[in-house]
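*Asks:* Following this message is one structure expressed as structure tokens.
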Amino acid sequence: MTRKAAPPKADARDRLRRVLFLVPYAVRHPGVPVRDLARRCGVSEKQILEDLDFLLGVGCPPFAPDDFLDLYVEGDRVHVALHQSFSRPPRFTESEAAALAAAARALGGEGRERVVRALREAVPKDRRAIFEELLACIFAGSPPAKDSLIGRIEQAIAERRALRIRYFTATRGEESVRVVHPYTLAQRLGHWYLWGHDEGRGKALPFRLDRIRECAVDDKRFEPPTDAELTRGRLFSEASGPPVKLRLGPLAAAWALARPGQWRVLKRDRKGGAVVEVPGVSDEWATRFALSFGGDAEVLGPPSARRHFGDAVRRALARYP
Amino acid sequence: MQKAERLLDLAALLLRASEPVSWREIQEQFPDDYGGSGEAAIRKFERDKAELLELGIPVRWVGGDEDLSAGYLVDKEDFYLPDLKLAPEDLALLYLAGSAALAQRAFPYARDLAHAMNKLSFAARAPGASEVAAVAALQLSADDADEDARAESSSRLEALSAAVAAKKRVHIVYLGAERRVRTERDVDPYGLYQRGGAWFLAGFCRLRQDIRSFHLARIVSVEVNPASPRTPDFTVRKGFSLADLATRESWEFGVHAPVRCRVRLDGPASPEERDAFGPRAVWKEADGRAVVEVEAQNQEALLRHVLSLGDRAEILAPRPLREKARKVLAALARRLS
């Protein structure tokens, strides 16, 4: 066996971290397809093959034939003959554990401090103090709802049990009871959503977590979603109807355009003001949004949105005789 | 020998050894790398050891005694990722939180987070439904939003994450919102927080000589102090709490001395409306109307919040702020007619 030099451009540190996962993963899943490894590691298949090539040169002194790592690819599948003690990945580094812990705290649930403790224990002993220090430097948001509510949703997802929820629909201003097969949770533009199959409506829909008033885990179990269903799944369907057009003053534009969102800037004036278009939002949203800039923004169109805005302004003004 | 290869070889050697490996033996096994007797070889080995530690491979020196020879070892107990022994719902919490954060792309230590998510499949015997849910979460956000803008903000976030961890001072070019002026400043980065879907850097601003927040999207460029990367540039001020800063309402950022303000809302306030006024608001409800009292240090911000509630709410006190609300609405009404 000959030693091979690593390709010059590869990020050495990233590669090391990748192979420290890749080897044990292939040990645990004999014959794992190269494609799966690539997807898990978020790199190309070519990169994985280069990693495997690199690993052929790695071993344990004194480098007798049996002292080398031995991974081979057979018909696009990866097998491990000799793993040289890399049979499990290393513990979490402090930044890996801290990032995960910060994410867990932001989602919440009854188990959140339990998982933070478990993550701490999974960091090498003498790095735990640094883990805690680092965790205090990341705040990924306040939990979107009460811990008990999130806890039940997490349990239902883990056990594939239906959820009975009392849900507030903002556009209709009313509450209704739904039975949902919870598939997953996702975050978008600062809001958390439960995404799952609504039994009553017969399709997968998003439910904003802060609008779930109550929820109970049902005894009924559900079948996991098919790959096809997941591939088609989007948190929101394509925006329908004409986009809302807003004029933003310089201050409003600076604030608004820094926020995450699907803006299209139509015009920009010299002072920094802008005319923007936002697809797929309600008239009500546009009004609230424009008013949140305290007079530095207005809704221009379409006519229904402009009317909604005008009515809201006049009615609000009537409160200040 | 390439460094990546050397590090793995070294790890393999120390992992396989049943007893501590002496420095002399390491030198013999890696003659090209640590050969010679000089300080340079030891320093090179120490740097490699530090890098291994950063990869999660703790190399330890043990002094010898009667039974054991002195040398380096990797404590297997302290190396292999253990089973986290979490209940299914707690594991779901980790998977869901981690994948939702990854789907955002812009998250502090995003690369580390991706590695952590991979390792998670070893941290439990049967992740089952949770792993499927995590894949679904990533899938849902697959082709969401503007890829270029995300790539740009995630690279800034990555630089800042590294600076926060290493406590290195950063030089930023910042585009202020209020006056829309570009300023350059040195900041001691204390932490990163998310609010309303956007990330902020919190730190001690050396220009303003105070703790400030910087909206990531308005940070035009970041330069991390390149001098002595392993030596911290600052210590965090006593009493600083990132969570306190991150959960402060917009009207609680000190622009002026605190002023008690009262706002009236029609009908019983919904849980979201209550949340939006923050945990320090005092609520009184009577006759189907709610009055909320807050202490504002930035009345303009409170005004904007109340206006966003439309005709559901009005400012009762103080009088000048009430008058301001009326003026703003009257000006808008004039433009509309």
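*Asks:* Using the charge dipole of segment A:22-160 (Lys, Arg: +1 at Cβ; Asp, Glu: -1 at Cβ; taken about the Cα centre), state which of A:Cys137, A:Leu107, A:Pro33 has its Cα farthest towards the positive end.
*Replies:* Farthest along the dipole direction, towards plus: A:Leu107.
*Asks:* How many Å² of accessible area per residue for segment A:12-82, probe 1.4 Å?
*Replies:* 44
*Asks:* Hey, another quick one. With everything on Cα atoms, drop me the angle between helix A:12-28 and the longest principal axis of chain A, reported from 0 to 90° to the nearest 10.
*Replies:* Taking Cα atoms only, the helix is inclined about 70 degrees.
*Asks:* Ignoring ligands, DNA and RNA and using a 1.4 Å probe, state the total buried accessible area between A and B in Å², rounded to the nearest 100.
*Replies:* 10700
*Asks:* Now, a different point. What is the projected area of the convex hull of the Cα atoms of segment B:254-323, averaged over all directions, in nm²?
*Replies:* Projected area, direction-averaged: 4.5 nm².
*Asks:* For segment B:275-282, in order, what is each residue's ³J(HN,Hα) by Karplus, 6.51 cos²θ - 1.76 cosθ + 1.60 with θ = phi - 60°, in whole Hz (x at glycine and Pro)?
*Replies:* 4, 5, 8, x, x, 9, 6, 10
*Asks:* When a/c reaches 1.5 or more, the comparison of a/b and b/c decides; with that in mind, is segment B:43-100 rounded, prolate or oblate per its Cα gyration tensor? Present the calculation step by step, with values, prior to reporting the outcome.
*Replies:* Values: a/c = 7.36, a/b = 2.05, b/c = 3.60.
It comes out oblate by the Cα gyration axes.
*Asks:* Moving to a separate point now. In whole Å, largest first, what are the principal axis extents of the Cα atoms in segment A:149-232?
*Replies:* 33, 28, 24
*Asks:* Next question. So which residues in segment B:240-273 end up with at least 50 square angstrom less accessible surface once the other protein chains are there, compared with the chain by itself, probe 1.4 angstrom?
*Replies:* B:Glu272
*Asks:* In straight Cα distance, which lysines are under 17 Å from B:Lys3, not counting same-chain residues fewer than 8 positions off?
*Replies:* Output for B:Lys3: A:Lys4, A:Lys9, B:Lys44, B:Lys49.
*Asks:* Using a cut-off of 15 Å between alpha-carbon atoms, which aspartates and glutamates can reach A:Lys146, once sequence neighbours fewer than 8 places away in the same chain are excluded?
*Replies:* A:Glu110, A:Glu113, A:Glu154, A:Asp210, A:Glu214, B:Glu272, B:Asp275
*Asks:* Can I ask one more? Calculate for chain A the 222 nm mean residue ellipticity that helices alone would give, adding -39,500 (n - 2.57) per DSSP H run of length 4 or more and normalising by residue count, nearest 500 deg cm²/dmol.
*Replies:* Rounded to the nearest 500, it is -11500 deg cm²/dmol.
*Asks:* Quick check on my link table: of A:Lys220/B:Lys85; B:Lys168/B:Lys238; A:Lys245/B:Lys327, which ones sit more than 22 Å apart, alpha carbon to alpha carbon?
*Replies:* A:Lys220/B:Lys85; A:Lys245/B:Lys327
*Asks:* Antiparallel DSSP bridges in the protein assembly as shown: what percent, to the nearest 5?
*Replies:* On the way: 96 of 98 bridges.
Rounded to the nearest five, the antiparallel share is 100 percent.
*Asks:* Compute the long axis of helix A:147-159 from its Cα atoms, compare it with the longest principal axis of the Cα atoms of chain A, and write down the angle in degrees, 0 to 90, nearest 10.
*Replies:* Around 50 degrees separate the two axes.
*Asks:* What residues have an amide H closer than 5 Å to that of A:Gly196, excluding those fewer than 5 places away on the same chain, when H is modeled at 1.01 Å from N in the peptide plane?
*Replies:* The answer is A:Tyr183, A:Leu205, A:Phe207.
*Asks:* I would also like to ask the following. Placing +1 at every Lys and Arg Cβ and -1 at every Asp and Glu Cβ, with all other atoms neutral, what dipole size does segment B:161-239 have around its Cα centre, in debye to the nearest 20?
*Replies:* 140
*Asks:* Along the charge dipole of the protein assembly as shown, Cβ charges K/R +1 and D/E -1, which of B:Gln139, A:Ala97, B:Trp23 sits furthest on the positive end?
*Replies:* B:Gln139
*Asks:* Is it possible to state the helix-based mean residue ellipticity at 222 nm for chain B, with each DSSP H run of 4+ residues giving -39500 (n - 2.57), the sum divided by total residues, to the nearest 500 deg cm²/dmol? What is it?
*Replies:* Value at 222 nm, helices only: -13000 deg cm²/dmol.
*Asks:* List the residues of segment B:58-98 that lose 50 Å² or more of accessible area once all protein chains are present, compared with their chain alone (1.4 Å probe, heavy atoms only, no ligands or nucleic acids).
*Replies:* Residues losing area: B:Asp78, B:Phe79, B:Tyr80, B:Leu81, B:Leu84, B:Glu89, B:Asp90, B:Leu93, B:Leu94, B:Leu96, B:Ala97.
*Asks:* Binned at 10 Å from 0, what are the whole-percent values of the Cα-Cα distance distribution for the protein assembly as shown, short to long?
*Replies:* In order of increasing distance, the bins hold 3, 14, 22, 24, 18, 10, 6, 3, 0, 0 percent.
*Asks:* Also: Along the Cα→Cβ direction, 7 angstrom out, place labels at A:Val275 and A:Leu189. What is the inter-label distance in nm?
*Replies:* 2.2
*Asks:* Which of B:Ala137, B:Ala313, B:Ala286 ends up with the largest GNM mean-square fluctuation for chain B, with Cα atoms connected below 10 Å?
*Replies:* Top of the fluctuation ranking is B:Ala286.
*Asks:* Where in segment B:218-247 are there trypsin sites (Lys or Arg not before Pro) that are in a DSSP coil and have at most 13 other Cβ atoms within 10 angstrom of their Cβ?
*Replies:* B:Arg230, B:Arg237, B:Lys238
*Asks:* Using the Cα centre of the protein assembly as shown as the reference point, and only Cβ charges (+1 on K/R, -1 on D/E), how large is the resulting charge dipole? Debye, rounded to the nearest 20.
*Replies:* Charge dipole of the protein assembly as shown: 3520 debye, to the nearest 20.
*Asks:* Taking amide H positions as placed in the peptide plane 1.01 Å from N, state which residues far from A:Phe139 in sequence (5 or more) or on other chains have amide H under 5 Å from it.
*Replies:* Counting only residues 5 or more places away or on other chains, the set is B:Leu192, B:Tyr193, B:Gln194.
*Asks:* Additional query: Long-range amide H contacts for A:Val78: which residues qualify at under 5 Å (H placed 1.01 Å from N, peptide plane, sequence gap of 5 or more or a different chain)?
*Replies:* Amide H neighbours of A:Val78: A:Gly31, A:Val32, A:Val34.
*Asks:* Now for a different question. Please report the carbon-and-sulfur percent of the accessible area for segment A:263-302; probe 1.4 Å, protein heavy atoms only, DNA, RNA and ligands left out. Let's see the in-between values first.
*Replies:* Values: 930 of 1950 Å².
Carbon with sulfur: 48 percent of the solvent-accessible area.
*Asks:* Which number comes out as Rg/Rh for chain B once both Rg and the Kirkwood Rh are worked out on C-alpha atoms?
*Replies:* Details: Rg = 27.4 Å, Rh = 25.0 Å.
My calculation of the ratio gives 1.10.
*Asks:* Right, something else. Please determine, in degrees from 0 to 90 and to the nearest 10, the orientation of helix B:128-140 with respect to the longest principal axis defined by the Cα atoms of chain B, where the helix direction is its Cα long axis.
*Replies:* 60
*Asks:* Based on alpha-carbon centroids, what's the gap between segment A:62-81 and segment B:269-283 in Å, whole number please?
*Replies:* 61
*Asks:* Taking the solvent-accessible surface of protein heavy atoms with a 1.4 Å probe, what is the per residue accessible area of segment B:3-79 in Å²?
*Replies:* Averaged over the residues of segment B:3-79, the accessible area is 49 Å².
*Asks:* Next up: Using θ = phi - 60° and the Karplus curve 6.51 cos²θ - 1.76 cosθ + 1.60, what whole-Hz ³J(HN,Hα) does each residue of segment B:48-61 get, with Gly and Pro shown as x?
*Replies:* For segment B:48-61, the Karplus-derived couplings read 5, 4, 5, 5, 4, 4, 5, 8, x, 10, x, 8, 10, 9 Hz, x marking Gly and Pro.
*Asks:* With +1 on the Cβ of every Lys and Arg and -1 on the Cβ of every Asp and Glu, and nothing else charged, how large is the dipole of chain B about its Cα centre, in debye rounded to the nearest 20?
*Replies:* Using only the charged Cβ atoms, the result is roughly 2380 debye.
*Asks:* Something else about it: In segment B:200-302, which chymotrypsin sites (Phe, Trp or Tyr not before Pro) are in a loop and have at most 14 other Cβ atoms within 10 Å, using DSSP for the loop call?
*Replies:* Numbers: sites: B:Phe200, B:Phe204, B:Phe214, B:Phe234, B:Phe240, B:Trp251, B:Phe253, B:Phe277, B:Trp283; in loops: B:Phe234, B:Phe240, B:Phe253, B:Phe277.
Of the chymotrypsin sites (Phe, Trp or Tyr not before Pro), the ones in loops of segment B:200-302 whose Cβ has at most 14 other Cβ atoms within 10 Å are B:Phe253.
*Asks:* Which of the three applies to segment B:54-149, rounded, prolate or oblate, going by the alpha-carbon gyration tensor with a ≥ b ≥ c and a/c under 1.5 meaning rounded?
*Replies:* oblate
*Asks:* Find which of A:Phe309, A:Val265, A:Phe289 sits farthest along the positive direction of the dipole of segment A:244-317, computed with +1 on the beta-carbon of Lys and Arg, -1 on that of Asp and Glu, about the Cα centre.
*Replies:* The Cα lying farthest towards the positive end belongs to A:Val265.
*Asks:* What is the packing order of peptides A:270-276, B:191-197, taking the mean over residues of other C-beta atoms within 10 Å and listing the highest first?
*Replies:* Numbers: A:270-276: 16.1, B:191-197: 20.9.
In decreasing order of mean packing, A:270-276, B:191-197 become B:191-197, A:270-276.
The values are calculated or read from the model by the stated rules, or taken from the named source; none is laboratory data. All figures in this text were calculated on a predicted structure; none of them were measured in a lab. Please note: Cβ atoms are built from the backbone with ideal geometry, for glycine as well, and neighbour counts cover all protein chains shown. Protein only, heavy atoms only, side chains kept; ligands, DNA and RNA dropped before computing areas. Shrake-Rupley method; radii C 1.70, N 1.55, O 1.52, S 1.80 Å.
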